[in-house]
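The values are calculated or read from the model by the stated rules, or taken from the named source; none is laboratory data. If you're wondering where the values come from, they're calculated on a predicted model, not measured in any experiment. Note: ideal-geometry Cβ built from the backbone for every residue, glycine included; neighbour counts use all protein chains shown. The accessibility values were calculated without ligands, DNA or RNA, using every heavy atom of the protein model including side chains. Shrake-Rupley method; radii C 1.70, N 1.55, O 1.52, S 1.80 Å.
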Amino acid sequence: MIDGKKVLFSGMQATGNLTLGNYLGALKNWLTLSDEYECFYSVVDLHSITVRQEPAELRKRARNLLTLYVAAGLDPKKNCIYYQSHVPGHAQLSWILNCYTYMGELNRMTQFKDKSSRHADNINAGLFTYPVLMAADILLFQADVVPVGKDQLQHLELTRDVAQRFNSIYGDVFTVPEPYIGKTGAKIMSLQEPTKKMSKSDENPNASILLMDDPDTIIRKFKRAVTDSEACICYREEQPGIKNLLDIYCTCSNKTVEEAVREFEGKGYGEFKLAVGESVVSVLKPIQDEFARLSKDKTYIDEIIKENAQKANYFANKTLRKVQKKVGFPEQIR
Ligand code: TRP
């Protein structure tokens, strides 16, 4: 608890471009969470170097991601948006937790198996202990809730196991976190294969809308979106393409499915797709404009980075000192 609020922590990697799916499925919901939770959103650059990165590129992407969060409306006074590398406690706690995590547990992690097969030339120890660093991220802030995608649930489960193991030895040191299941944010599917999730790593550029796509590109991609030959704008599983477009349209224009279906009754797919594209432009364009404006305001962004790193360090150090004492490290002489 911080100031009577529960703590929420999430980490995001600055690799790959964010898509409309990331925005509608996650980021948009985060905007409303800061009233209820004390929120920490870390740009997890320590995690990023488990696979090879081009340094200048990583630095640029990390800053863009942080700026984008602010541009999308996360208030940096209410949400602690910071770089993981600016808070040494992540690495320090991670080392300690390494000594309370079993090789067998890490061996079972499906993301490790998956990533090591994709980066067979660089199966480094960091990739193996990645879930421990993630546990450290979460436990360092005594997070109550962690919004994560399905692919990260196994890591969260490990975090809970490690926290409970540590607590059972040393008393109640860590808050045991729960996954945060938000208001069912629409799951946005690929525009080309609507039974597959919209992904930033899709090879077909027409499959995903990137947050930074310009209006013409957005409209063009919607015009090319895969539909069907039913000639009916109906919300049903048998028409996954149309269903996905309706989900996107409703989320972007704050309408219910019934309203949207009524609005497009008897209309053609062409007209419908254009309307969906326009609704997306109306949501993304203001974010893009704000991003462009903020990107030029170096002083303002630098200040956010500095202040939030201080705030994050303050809370991180509280936990870290407690843990260091528990495991038997001597107190520092100041
Ligand atoms: N592993 C997460 C991902 O790839 C990112 C992450 C790192 C994270 N630390 C975290 C997510 C802590 C939630 C909480 O998506």
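Considering the zone a paramagnetic label at T217 would reach in this model (a point 7 Å from Cα along the Cα-to-Cβ line), which residues of the stretch 223-260 have amide N under 17 Å from it? The answer is 223-225.
Pull up the DSSP beta bridges for the chain and report the antiparallel fraction as a percent, rounded to 5. If we restrict to bridges inside the chain, about 15 percent are antiparallel.
Applying a DSSP loop filter and a limit of 14 other Cβ atoms within 10 Å to the trypsin sites (Lys or Arg not before Pro) in the stretch 198-229 leaves K200, R224.
How much net charge surrounds M103 when only other residues with a Cβ under 15 Å from its Cβ are counted (Lys, Arg +1; Asp, Glu -1)? Around M103, the charge tally is +1. Shape verdict for the stretch 54-94, please, from the Cα gyration tensor: rounded (a/c under 1.5), prolate (a/b greater than b/c) or oblate. Oblate, since a/c reaches 1.5 and b/c is not below a/b.
Across the chain, Cα-Cα pairs more than 25 Å apart make up 56 percent of the total. Scattering from the stretch 83-151 was approximated by placing one identical point on each alpha carbon and applying the Debye formula without solvent; log10 I(q)/I(0) at 0.16, 0.17, 0.22, 0.23 1/Å stands at -0.62, -0.70, -1.08, -1.13. The slack between E331 and N317, meaning 0.36 nm per residue of separation minus the straight C-alpha distance, is 3.7 nm.
Treating each Cα of the stretch 96-235 as one equal point scatterer and applying the Debye formula with no solvent, the log10 of I(q)/I(0) at q = 0.13, 0.17, 0.19 Å⁻¹ comes out as -0.77, -1.00, -1.11. Electrostatic bookkeeping for S168 treats Lys and Arg as +1 and Asp and Glu as -1; over the other residues with beta carbon under 15 Å from its beta carbon, the sum is +1. Taking the full set of protein chains and a 1.4 angstrom probe, give the accessible area of E265 in square angstrom, rounded to the nearest 10. Looks like 140 Å² after rounding. When all C-alpha to C-alpha distances in the stretch 215-293 are sorted into bins of 10 Å, what percent of pairs does each bin hold, rounded to whole numbers? Taking all Cα pairs of the stretch 215-293, the binned fractions are 19, 51, 23, 6, 1 percent.
You can think of it this way: the chain between L274 and R59 has 73.7 nm of extra reach, that is 0.36 nm per residue less the Cα-Cα gap.
Counting only other residues whose beta carbon sits under 13 Å from that of K296, what net charge do I get with K and R as +1, D and E as -1? Working shown, then result.
Values: positive: R63, R293, K298; negative: D289, E290, D297, D302.
Net local charge, K296 excluded: -1.
Calculate what fraction, in whole %, of the accessible area of the chain sits on carbon and sulfur atoms when a 1.4 Å probe is rolled over the protein chains. It is 52 percent, rounded to a whole number.
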